[in-house]
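As structure tokens, the structure follows; a few thoughts come after it.
Here, each number is a calculation from the coordinates, and none is a lab measurement. For clarity, every value in this text was computed on a predicted model and none was experimentally measured. Here the Cβ positions follow ideal geometry from the backbone for every residue, glycine too, while neighbour counts run over all protein chains shown.
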């Protein structure tokens, strides 16, 4: 049934009335919100769970786990939770701190001697807490091309030794820039102290005690291959089901598959400050508190920002932290190709919300739905988050589309008679990403990464010494420019890269490459 505008208004009014009493939404109201969100934007499926005062008050699935098979989502459907996995990594480390096997302020080199950053002082003083708090001095997403897209041959050992080749953008411990690779290193701490893989440790020491029997550290570890949400994404203007992403190498940063029913148990434990029950703790209160401590400043204003009168934003150990309407909010989002999610905790209200989706962008429902639920508990006049997110998404997509279309239009019209394509053919190497090869095929230039073979595509001349690359990999928008430096004979000696779309995911960090001719 198509929901009409008047019905949407009735829902929002009902939510506002409930909000005034700060009692939270009923399951029926959550159902209505989800229906509005799914009717307002292209979706496959999603799942929502709410925990309050130690109990699961809502846990339900909606829509399709797979558009191809028609399988439906329920509260036991497993989704990729992507970067929501990071809080599991910090929890695993907290367990090792409790056991005296590591200390939060241990130097990384004491556990991984070959770990090497861009500076000797930084290398010597980099701690386990630094691995988790996005304050390394490196740029946003630095080195993520080592695990995105999947299907490459980079290893954890490659990651550990890659940072020495990266260029810092800020002083050590002075600025927040989100980093996935350092969480992979954090996972390796667990491997070296326990002899287990990160996934084995998380499954046996966190998931098993919580009876998270439907979940696993990585997709391949799921005992049952039934009831798994398939990712869906827009590819060249069409909404389609895509392949699952293999995040095994980056499991400590983004590997977990879980259901909202299982994540409800995880949230209840978190809200209980690490305790499984009144007599048994998974994590000590002392070390659990460390995870919710604000280590890295992300922003501050003396005049609170609307609509929550927010003053500060920071990052703890696997959790984002900010104030909303006088309450502390702990949250994290997650994003993989065709999968988006968010977890939110409000400790003072003993409240947790998780939303998992298998559609990208899906109208940003992973943001709007939890916001509406939280608003109903904290006593603020709720915003039309669905309308706001839908509008923001359309504006963002329109801007990105206009830039991309202009690039390809320019490239289509570009004259190439003055070019000798042979001057660009060769092998070029970047210190951390390895070799990329450029060759001629049917009188057109093509490029491929040797170590990340899904990055292969045709190069079209754009302007000056720059070509536009259309990758065969289409699960995410990641087409890129390649800009060449030429010698006095006109032969390419090196090139740099950058994404074409302003909306390119930050993990496609082409801008960090410096590819120099080797042959």
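What is the pair-distance distribution P(r) of region 97-199, computed from all Cα-Cα distances in 5 Å bins starting at 0, with each bin given as a whole percent?
2, 13, 24, 27, 18, 11, 4, 0
Report the Stokes-Einstein translational diffusion coefficient (µm² s⁻¹, integer) for region 133-182, Rh taken as the Kirkwood radius over Cα pairs, at 37 °C with viscosity 0.692 mPa s.
290
How much length, in nm to one decimal, is gained on full extension between residue 106 and residue 123, taken as 0.36 nm per residue of separation minus their Cα-Cα distance? Before the final figure, lay out each step's value.
Details: separation 17, 0.36 × 17 = 6.12 nm, distance 1.23 nm.
Extra length from residue 106 to residue 123 when fully extended: 4.9 nm.
Arranged by the count of other C-beta atoms within 10 angstrom, fewest first, what order do 106, 430 take?
Numbers: 106 15, 430 20.
With the fewest neighbours first, 106, 430 line up as 106, 430.
Nearest 500 deg cm²/dmol is fine: what mean residue ellipticity at 222 nm does the chain get from its DSSP H runs of n ≥ 4 alone, each adding -39,500 (n - 2.57), divided by its residue count? Present the calculation step by step, with values, prior to reporting the outcome.
Numbers: 14 runs with 148 residues, N = 519.
Rounded to the nearest 500, it is -8500 deg cm²/dmol.
Extent of the chain along each principal axis, from alpha carbon coordinates, in Å, largest to smallest?
Rounded to whole Å, the extents work out to 74, 59, 51 Å.
If R₀ is 25 angstrom, what is the calculated FRET efficiency for the pair residue 456 and residue 498, using the beta carbon separation as r and rounding to 0.05?
The calculated FRET efficiency here is 0.85.
Put a dot 7 Å past each Cα toward the Cβ at residue 506 and residue 422; how far apart are the dots in nm?
4.5
Let me know the Kirkwood hydrodynamic radius for region 239-373, please, with Cα pairs as the basis and the value in Å to one decimal.
Across region 239-373, the inverse of the average 1/r is 16.4 Å.
Kindly give Rg over Rh for region 158-229, based on alpha-carbon atoms, with the Kirkwood expression for the hydrodynamic radius.
In region 158-229, Rg relative to Rh is 1.10.
Give the order of 104, 385 when sorted by the count of other beta carbons within 10 angstrom, beginning with the fewest. Show your work: numbers first, answer last.
Numbers: 104 18, 385 24.
Taking fewest neighbouring Cβ atoms as first place, the list is 104, 385.
Which whole number of Å³ per residue matches the convex hull of the alpha-carbon atoms in region 245-323?
So the per-residue hull volume is 159 Å³.
Given points 7 Å out from each Cα along the Cα-Cβ axis, report the residue 414 to residue 276 separation in nanometres with one decimal.
Taking the two extended label points, one gets 6.0 nm.
Would you calculate the separation in nanometres between label points at residue 27 and residue 226, each defined as 7 Å from the Cα along the Cα-to-beta-carbon direction?
2.2
So what does log10 I(q)/I(0) come out to for region 316-386 at q = 0.14, 0.22, 0.26 Å⁻¹, using the Debye formula with one equal point on every Cα and no solvent?
One equal scatterer on each Cα of region 316-386 leads to -0.43, -0.98, -1.21.
Scale the Cα Rg of region 293-450 by the rule-of-thumb value 2.2 N^0.38 Å and send over the ratio, two decimals. Please report the intermediate quantities before stating the final value.
Working: Rg = 23.2 Å, N = 158, 2.2 N^0.38 = 15.1 Å.
Rg over 2.2 N^0.38 Å, computed on Cα atoms: 1.54.
If you rank 269, 249 by fewest surrounding Cβ atoms within 10 Å, what's the result?
Fewest to most other Cβ atoms nearby, the residues stand as 249, 269.
With no solvent and one equal point scatterer placed on each C-alpha of region 402-517, evaluate the Debye formula and give log10 I(q)/I(0) for q = 0.17, 0.20 Å⁻¹, two decimals.
Each listed q maps to, in turn, -0.81, -1.15.
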